[in-house]
Amino acid sequence: LPLSIRRQRQLCIRDRHTIVRELARGGMGVVYLATTQSGEQRAIKTLIPRGKVKGDLHDRFRREIQLLSYLDHVHVVRFYDAGILASGEMWVALEYLGGETLRDMTIGRHPLDVCTVLRWGRQICKGVSEAHNLGVIHRDLKPSNIALIDRELIKVFDFGIAKFTNWGVKRTKPGMAMGTILYMAPEQLSGEGSDQIDGRCDVYAIGTILYELLGGRHPLMQPGERLDPSSMIFRVLAHEPESLTEVVPQFPADVAGIVTRAMHKKADYRFESVSALDDAL
């Protein structure tokens, strides 16, 4: 849909950006491509006014902005500016990533080069570990939330449902599972609330992503298979995926062991931290 002249004027004046085009639109807001006065590209993410949205979405958006303003790391999307328009919409100006995501790398559904994937995996770990050091757990790591710049540089983004510890933030209510089912650790689906969630759920998600890139398919699904949400949950909780050594001919056993450990159903048997997974990789 075309932007209204009023919306463009608000963003241009208050954010000192010129809107180029709309990148994405959802029920809660819009993402635009914009340029600064010096010609640099930015992604401007907006959220509709508080009175038009239910729940704590605005609080989460505000916390995400606060986190990104602290989190200055080469493997995390860079924050530049934020504010509120006269219309009541919150906005944040972020690094424009462009390029591809790791989801684009899985579309062909074929195993990728092991060394390349391990290099990407280490970059994911480094970016997520920096967030963990600030007391923030991503909780929604998946291929579509990881950008790939020129097939070399990884950037983690979308901390919209992150868990904030020691930030004075109220905890997720018991029985509320947050994340994307096929990348959620079993403890995220247990319904016991955020008290049971720590950085090892991000270890699980990274392990799942690595398996998908290395094996050419998701560890809990066959190529082309479709599952309803209840079946997905059952697989996460009870299904043990095949080892990568069984899926890919002559796959290196040591790498398969790292991925298997990262994806263990029980958090205590995974790597104790994302940094430990990084070291293993």
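The values are calculated or read from the model by the stated rules, or taken from the named source; none is laboratory data. This structure is a prediction, so every number in the text was calculated from the model and none was measured. For neighbour counting, all protein chains shown are included, and Cβ atoms are generated from backbone atoms with ideal geometry for every residue, glycine included. For accessibility, only protein heavy atoms count, side chains too; no ligands or nucleic acids. Shrake-Rupley method; radii C 1.70, N 1.55, O 1.52, S 1.80 Å.
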Within the set Val203, Val117, Val248, GNM on the chain using Cα springs under 10 Å gives the largest fluctuation to Val248
Over region 188-281, average the accessible area per residue using a 1.4 Å probe and give it in Å², no decimals. 47
Over the chain, what relative contact order in percent results from Cα pairs under 8 Å that are six or more residues apart? 15
Given the DSSP H assignment, sum -39500 (n - 2.57) over each helix run of at least 4 residues in the chain and divide by its residue total; what's the result at 222 nm in deg cm²/dmol, nearest 500? -10500 deg cm²/dmol
Rounded to the nearest 10 Å², the accessible area of Tyr80 at probe 1.4 Å: 90
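Accessible area per residue for region 41-146 in Å², computed with a 1.4 Å probe and the full protein assembly in place, what is it?
On a per-residue basis, region 41-146 sits at 43 Å².
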At a 1.4 Å probe, what is the % contribution of carbon and sulfur to the accessible area of the chain? 51
Measure up Lys155/Lys266; Lys142/Lys163; Lys126/Lys266; Lys126/Lys265 against 19 Å on the Cα-Cα distance and list the ones that go over. Lys155/Lys266; Lys126/Lys266; Lys126/Lys265
With every protein chain kept in place and a 1.4 Å probe, the residues Phe157, Phe234 fall, from largest accessible area down, as Phe234, Phe157
With a 10 Å cut-off between alpha carbons and a GNM built on the chain, which of Val128, Val92, Val114 moves the most? Val114
Using a 7 Å offset from the Cα along the Cα-to-Cβ direction at both Leu23 and Tyr269, what is the distance between the two label points in nm, to one decimal? 4.0
Calculate the spin-label point distance for Ser144 paired with Cys115, positioning each point 7 Å from the Cα along the beta-carbon direction, and give it in nanometres. 3.3
Once ligands and nucleic acids are excluded and a 1.4 Å probe is used, how much of Glu152 is accessible, expressed in Å² to the nearest 10? 100
Taking Cα pairs closer than 8 Å and at least 6 residues apart, the relative contact order of region 208-281 in percent is 25
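Between Asn166 and Leu189, how high is the FRET efficiency from 1/(1 + (r/R0)^6) when r is the Cβ-Cβ distance and R₀ = 41 Å? Nearest 0.05.
Working from the Cβ atoms, E equals 0.95.
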Give the ranking of Asp278, Asp150 by solvent-accessible surface, highest area first, calculated with a 1.4 Å probe. Asp150, Asp278
Highest GNM mean-square fluctuation among Pro252, Pro219, Pro241, for the chain with Cα springs under 10 Å, belongs to Pro252
Binned Cα-Cα distance frequencies in region 222-281 - 10 Å width, integer %: 19, 41, 34, 6
